[in-house]
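S.K.: Please find one structure pasted underneath; my questions will follow.
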Amino acid sequence: MRTRETTIIRHWKVSWRAWLVFWIARIFVKPLFRVWPATDRGLETLAHLERFVDRLPRPNGVTIEQTALGGVPSELITHHRKAADSLAGATVLYFHGGGFVFCGLATHRNLCALLAARAAVPVISVEYRQLPVGGIGTSIHDAMAAYEDLLGKCEDPTKIILAGDSAGGYLAMKVAELAASRGMVTPAAVIGYSPLLNLALEKHDPDYMRRDAYLPIDKVDSLKDRWAGGPEPIVGADSPIEADPRLFPPVFFSVAQYELMRPDVEAMTCKLEDVGQSVETHVWSGQIHAYPVFGTVLNEAKMTIAFSLDFVRRALGYRGRHSA
């Protein structure tokens, strides 16, 4: 088992592009999020962002096909190369972030295309339902429906890699938890980029929470009642950090030095390590929440994606005790 000092790897060097993104988020985006109304109308207006992004040019070098898993609209992204290493036969099931209120296939298309190209395996991005249509329980329902359907369709059901950022990281961990607790074939690994692991973020030090570059903790806290509002209930543990850590497969985390998710990412890393589960966490200075979504724009994003795939390649080498 790796020591805790090597399990949590810290990166201090900050590129000029990352510095620029950080301060744009701090000066312009965070104040906008703070005043944005968390009403149905306000949330529906955010959906226009997705439709605007969907009109932008699509990434080159990959094939993008509309599909569905378990009745949930999804997007299959493939690259002409096929993995010849331990990833051969694997499939990545990706859940986008957005606080369960916005973002979708279009906003995360470039990241998923980069994963497909670098891993040389299919990546399926899932458009699960969000607020105001349904709360977190509804999102979990769609994520599980997609996973269960994929088990019967993918090349190798023992080589499904769950991945996601922010709220999508929550869903990736929830699917892993529920698959294990229900005796299903479990995922080979989980990749979480700035994953939401604890719905009770208000319990953390408020001074630290205010340091996040663009996520205002008061706005996140205002969504809690709506997150739990149904119509489907949250099944299993309310938060992944409350679940039995022995239920999880090998897990890779990345997180920014100052963001809402870091305390729970580090705490979850320790919980997994303490029960002997394979985990690797990277903490990056000067980044914003879910920075890997920037893909090729940021060197730090490209490096994080490479580290996550290297971790998964190693994890597939000792796959076994998590299989059904």
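The values are calculated or read from the model by the stated rules, or taken from the named source; none is laboratory data. If you're wondering where the values come from, they're calculated on a predicted model, not measured in any experiment. All Cβ positions, glycine included, derive from the backbone under ideal geometry; neighbour counts span all protein chains shown.
S.K.: Restricting attention to region 287-306, which residues are surrounded by fewer than 17 Cβ atoms within 10 Å (Cβ to Cβ) and at pLDDT 95 or above? Break it down into steps so the answer makes sense when it comes.
M.R.: Here is the first cut: in region 287-306, the ones surrounded by fewer than 17 Cβ atoms within 10 Å (Cβ to Cβ) are 296-297, 299, 302-303, 306.
Scanning region 287-306 gives N299, K302, M303, A306.
S.K.: Still on this structure, I have one more. I'd like to know if region 129-152 contains one or more residues that are surrounded by fewer than 23 Cβ atoms within 10 Å (Cβ to Cβ), of a type in the set (D, E) and part of a loop (DSSP other than H, G, I, E, B).
M.R.: No, because not a single residue in region 129-152 is surrounded by fewer than 23 Cβ atoms within 10 Å (Cβ to Cβ), of a type in the set (D, E) and part of a loop (DSSP other than H, G, I, E, B).
S.K.: Specify which of the listed residues (F100, F95) is closer than 30 Å to S222 by Cα, crowded, with 23+ Cβ neighbours inside 10 Å, modelled with pLDDT under 95 and touching a Phe, Trp or Tyr at 6+ places or on another chain (Cβ under 8 Å). Walk me through how you get there before you give the answer.
M.R.: Values: F95 fails: modelled with pLDDT under 95.
Sole residue among the options that is closer than 30 Å to S222 by Cα, crowded, with 23+ Cβ neighbours inside 10 Å, modelled with pLDDT under 95 and touching a Phe, Trp or Tyr at 6+ places or on another chain (Cβ under 8 Å): F100.
S.K.: Right, here's the next one. Within region 214-223, is there a residue that is more than 23 Å from P292 (Cβ to Cβ), in contact with a Leu (Cβ under 8 Å, 6 or more places away or on another chain), at pLDDT below 95 and outside any loop (DSSP other than H, G, I, E, B)?
M.R.: Yes, that holds for at least one residue.
S.K.: Next up: Within the group T158, T107, which residue is of a type in the set (V, I, T), under 15 Å from the mean Cα position of the chain (by Cα) and either surrounded by fewer than 22 Cβ atoms within 10 Å (Cβ to Cβ) or under 24 Å from G61 (Cβ atoms) (or both)? Break it down stepwise before answering.
M.R.: On the way: T158 fails: under 15 Å from the mean Cα position of the chain (by Cα).
None of the other options fit; the residue is T107.
Rundown of residues vs (1) under 30 Å from G276 (Cβ atoms); (2) of a type in the set (K, R); (3) more than 20 Å from the chain's Cα centre (by Cα); (4) surrounded by 13 or more Cβ atoms within 10 Å (Cβ to Cβ), yes/no style:
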{"residue": "I9", "(1), (2), (3), (4)": "yes, no, no, yes"}
{"residue": "S15", "(1), (2), (3), (4)": "no, no, yes, yes"}
{"residue": "V29", "(1), (2), (3), (4)": "no, no, yes, yes"}
{"residue": "F52", "(1), (2), (3), (4)": "no, no, yes, no"}
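S.K.: Looking at V283, V190, can you tell me which residue is buried (at least 19 other Cβ atoms within 10 Å of the Cβ), modelled with pLDDT of 95 or more and either closer than 30 Å to P157 by Cβ or in contact with a Cys (Cβ under 9 Å, 6 or more places away or on another chain) (or both)? Please lay out each step first, then the result.
M.R.: On the way: V283 fails: either closer than 30 Å to P157 by Cβ or in contact with a Cys (Cβ under 9 Å, 6 or more places away or on another chain) (or both).
Unique residue meeting the criteria: V190.
S.K.: May I pose another question? Restricting to region 254-279, name every residue that is of a type in the set (A, V, I, L, M) and either more than 17 Å from R211 (Cα to Cα) or not in a helix (DSSP H, G or I) (or both).
M.R.: Just the residues of region 254-279 that are of a type in the set (A, V, I, L, M), to begin with: 255-256, 260-261, 265, 267-268, 272, 275, 279.
Once the filter is applied, which keeps residues that are of a type in the set (A, V, I, L, M) and either more than 17 Å from R211 (Cα to Cα) or not in a helix (DSSP H, G or I) (or both), region 254-279 yields V255, A256, L260, M261, A267, M268, L272, V275, V279.
S.K.: Restricting to region 114-124, name every residue that is in a helix (DSSP H, G or I) and farther than 8 Å from H79 by Cα. Walk me through it before giving the result.
M.R.: Applying the first criterion (in a helix (DSSP H, G or I)) to region 114-124 yields 114-119.
Correct list: L114, L115, R118, A119.
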